[in-house]
1. Since B:ARG94 meets every condition but one in (1) charged (D, E, K, R); (2) surrounded by fewer than 24 Cβ atoms within 10 Å (Cβ to Cβ); (3) at the interface with chain A (Cβ under 9 Å from one of its Cβ atoms), which condition does it not meet?
2. Keeping to segment A:102-125, report how many residues are more than 9 Å from chain B (Cβ to nearest Cβ) and free of Cβ contacts under 8 Å to residues at least 60 places away in the same chain.
3. Scan B:LEU69, B:LEU39, B:LEU28 and give me the residue that is within 18 Å of the chain's Cα centre (by Cα) and either open to solvent by 70 Å² or more (accessible area, probe 1.4 Å) or of a type in the set (Lys, Arg) (or both).
4. Please return the ranges of helices (runs of 4 or more DSSP H) entirely within segment B:126-218 where 2 or more residues are surrounded by 15 or more Cβ atoms within 10 Å (Cβ to Cβ) and touching a residue at least 60 places away in the same chain (Cβ under 8 Å).
5. Within the bounds of segment B:60-68, is there any residue that is modelled with pLDDT of 95 or more, touching a Ser or Thr at 6+ places or on another chain (Cβ under 7 Å), within 24 Å of B:PRO176 (Cβ to Cβ) and not assigned by TED's automatic domain parsing to the domain that holds B:LEU146?
6. Within segment A:23-38, which residues are closer than 15 Å to A:VAL76 by Cα and either in contact with a strand residue (DSSP E or B) (Cβ under 9 Å, 6 or more places away or on another chain) or part of a loop (DSSP other than H, G, I, E, B) (or both)?
7. Tell me the residue from A:LEU86, A:LEU77 that is more than 9 Å from chain B (Cβ to nearest Cβ), at pLDDT 95 or above, farther than 25 Å from A:LEU135 by Cα and open to solvent by less than 20 Å² (accessible area, probe 1.4 Å), please.
8. Can you tell me which residue among A:ALA159, A:ALA129, A:ALA188 is over 23 Å from B:PRO48 (Cα atoms), more than 9 Å from chain B (Cβ to nearest Cβ) and more than 20 Å from the chain's Cα centre (by Cα)?
There are 2 protein chains.
Amino acid sequence: MTPTITAFAASPDRGRGLARDMRVRWALEEVGQAYEVRLLSFAEMKEPAHLARQPFGQIPTYEEGDLVLFETGAIVLHIAEGHAGLLPVEPGARARAIAWMFAAVNSVEPVGLEREACFFLERDKSWYAERMAMLAGRIRDRLGLLSRHLGQADWLDGAFSAGDLMMAGVLFRLKPTGLVAEFANLAAYLGRAAERAAFQRAFAAQMAVFTAGQSGGR
Amino acid sequence: MTPTITAFAASPDRGRGLARDMRVRWALEEVGQAYEVRLLSFAEMKEPAHLARQPFGQIPTYEEGDLVLFETGAIVLHIAEGHAGLLPVEPGARARAIAWMFAAVNSVEPVGLEREACFFLERDKSWYAERMAMLAGRIRDRLGLLSRHLGQADWLDGAFSAGDLMMAGVLFRLKPTGLVAEFANLAAYLGRAAERAAFQRAFAAQMAVFTAGQSGGR
């Protein structure tokens with residue numbers, strides 16, 4: 001059964017792959033699972049039909065027959081559990097890979113989200129510059145600890161896993177801040193992730209939505 | 001094998017159950033699994049021995065033989081996978097319960113963390129009051145959508161699950177802000193969660209650490 005995901009009809013990132021459907025597309029490409037995409041306007045995301053699928057009115061969602069899921073971590077984990085290649089078979093290594101999935105969305109992404117909130121919602125405030133500097137410091141603290149853990153390894157815990165996919169997805173979204181580049185091993189880690197054929201296919205697919213939207217709008 | 005978790009030797013919440021070991025204690029109590037606790041000072045949490053277990057220098061961790069895990073979501077999921085009672089058996093319902101675990105830590109907790117960061121780190125800033133009001137608004141938006149989803153149901157998706165445990169854990173930490181009480185059904189939901197015998201045992205266990213620390217310090 002071909003799953004259907006939702007994505008922005010007009011992504012605010014202009015095809016830079018920063019929207020969260022990218023992580024789900026990437027996971028589906030890693031395991032070789034074809035998928036359909038339903039594009040939503042910002043207005044449609046707040047309508048009852050979408051809120052029934054995604055209670056917080058966001059994208060992506062994942063539909064597979066009667067199953068409807070939200071939260072990129074949960075969707076990627078569901079994909080990883082249903083296909084080989086994204087989670088180790090050994091139970092301990094599998095549990096640690098899942099720990100990195102949670103670490104991506106709970107220990108690293110929140111400081112990035114806080115910076116995004118400041119960037120979008122507090123730009124006209126007197127405190128904007130001072131807070132952006134404070135937030136850069138908080139992001140740097142987290143990235144420093146992540147960099148310390150990674151060391152010279154290729155991936156966070158053995159072979160590439162859904163934990164790396166989620167962490168690289170979070171770092172990819174942080175990349176435009178310039179803060180990832182301050183840690184050479186994290187920049188190289190993100191580079192390795194983005195060089196994967198599955199990442200490239202996912203990136204091209206989300207870019208195609210933006211390009212089609214551009215030409216359609218002319 | 002009896003697992004060992006880590007917790008604060010001196011919790012900054014003074015035994016109010018807001019520290020994240022509470023979620024893990026609660027999950028272990030729900031499934032009837034005995035556990036040991038190793039208490040850590042703030043200094044010990046930043047030492048290499050602990051960073052090897054928890055790369056971000058936080059609590060709790062979970063050790064079970066050779067397996068070392070961090071991130072409350074991953075630990076609770078590991079406990080739920082190894083015991084009956086915290087995840088539905090039906091695959092679709094199981095995946096949805098996991099989606100609520102991720103929603104707790106990625107869609108609701110971050111706005112609370114942002115408020116905590118402001119409370120602890122920006123209290124002496126000129127913008128403190130204005131930002132605290134903005135953040136209350138952001139938390140209210142998220143809680144409003146959660147309340148809308150919950151409606152008159154007892155739990156988020158059918159029977160009580162690890163998804164409810166994680167969400168109630170996040171809401172419990174938000175409770176002192178007074179914002180949860182603005183949504184009658186969320187306040188009742190949290191009340192139902194806190195009345196569970198397993199929650200009460202977990203709460204008493206973490207309180208005992210605080211009480212012992214107090215008497216030991218006199």
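1. B:ARG94 satisfies all of (1) charged (D, E, K, R); (2) surrounded by fewer than 24 Cβ atoms within 10 Å (Cβ to Cβ); (3) at the interface with chain A (Cβ under 9 Å from one of its Cβ atoms) except (3).
2. Of the residues in segment A:102-125, 6 are more than 9 Å from chain B (Cβ to nearest Cβ) and free of Cβ contacts under 8 Å to residues at least 60 places away in the same chain.
3. Numbers: B:LEU69 fails: either open to solvent by 70 Å² or more (accessible area, probe 1.4 Å) or of a type in the set (Lys, Arg) (or both); B:LEU28 fails: either open to solvent by 70 Å² or more (accessible area, probe 1.4 Å) or of a type in the set (Lys, Arg) (or both).
Of B:LEU69, B:LEU39, B:LEU28, the one residue that is within 18 Å of the chain's Cα centre (by Cα) and either open to solvent by 70 Å² or more (accessible area, probe 1.4 Å) or of a type in the set (Lys, Arg) (or both) is B:LEU39.
4. Numbers: elements: B:128-150, B:162-174, B:184-195, B:197-216.
Once the helices (runs of 4 or more DSSP H) in segment B:126-218 are filtered for at least 2 residues that are surrounded by 15 or more Cβ atoms within 10 Å (Cβ to Cβ) and touching a residue at least 60 places away in the same chain (Cβ under 8 Å), what remains is B:162-174, B:197-216.
5. Here is the first cut: in segment B:60-68, the ones modelled with pLDDT of 95 or more are B:60-68.
Still in the running and touching a Ser or Thr at 6+ places or on another chain (Cβ under 7 Å): B:60-61, B:63, B:68.
This time we only want the ones that are within 24 Å of B:PRO176 (Cβ to Cβ), so: B:60.
Next cut, not assigned by TED's automatic domain parsing to the domain that holds B:LEU146 only: B:60.
Within segment B:60-68, one or more residues are modelled with pLDDT of 95 or more, touching a Ser or Thr at 6+ places or on another chain (Cβ under 7 Å), within 24 Å of B:PRO176 (Cβ to Cβ) and not assigned by TED's automatic domain parsing to the domain that holds B:LEU146.
6. Our first condition is that a residue be closer than 15 Å to A:VAL76 by Cα; within segment A:23-38, this holds for A:23-35.
Answer for segment A:23-38, where residues must be closer than 15 Å to A:VAL76 by Cα and either in contact with a strand residue (DSSP E or B) (Cβ under 9 Å, 6 or more places away or on another chain) or part of a loop (DSSP other than H, G, I, E, B) (or both): A:VAL24, A:ARG25, A:LEU28, A:GLY32, A:GLN33, A:ALA34, A:TYR35.
7. Details: A:LEU77 fails: more than 9 Å from chain B (Cβ to nearest Cβ).
Only one candidate qualifies: A:LEU86.
8. Step by step, each of A:ALA159, A:ALA129, A:ALA188 is checked, and only A:ALA129 is over 23 Å from B:PRO48 (Cα atoms), more than 9 Å from chain B (Cβ to nearest Cβ) and more than 20 Å from the chain's Cα centre (by Cα).
The values are calculated or read from the model by the stated rules, or taken from the named source; none is laboratory data. The model shown is predicted, which means the values in this text are computed figures rather than measured ones. As a convention, Cβ positions derive from the backbone with ideal geometry for all residues, glycine included, and neighbour counts pool all protein chains shown. SASA here: full protein model, heavy atoms, side chains in, ligands and nucleic acids out. Shrake-Rupley method; radii C 1.70, N 1.55, O 1.52, S 1.80 Å.
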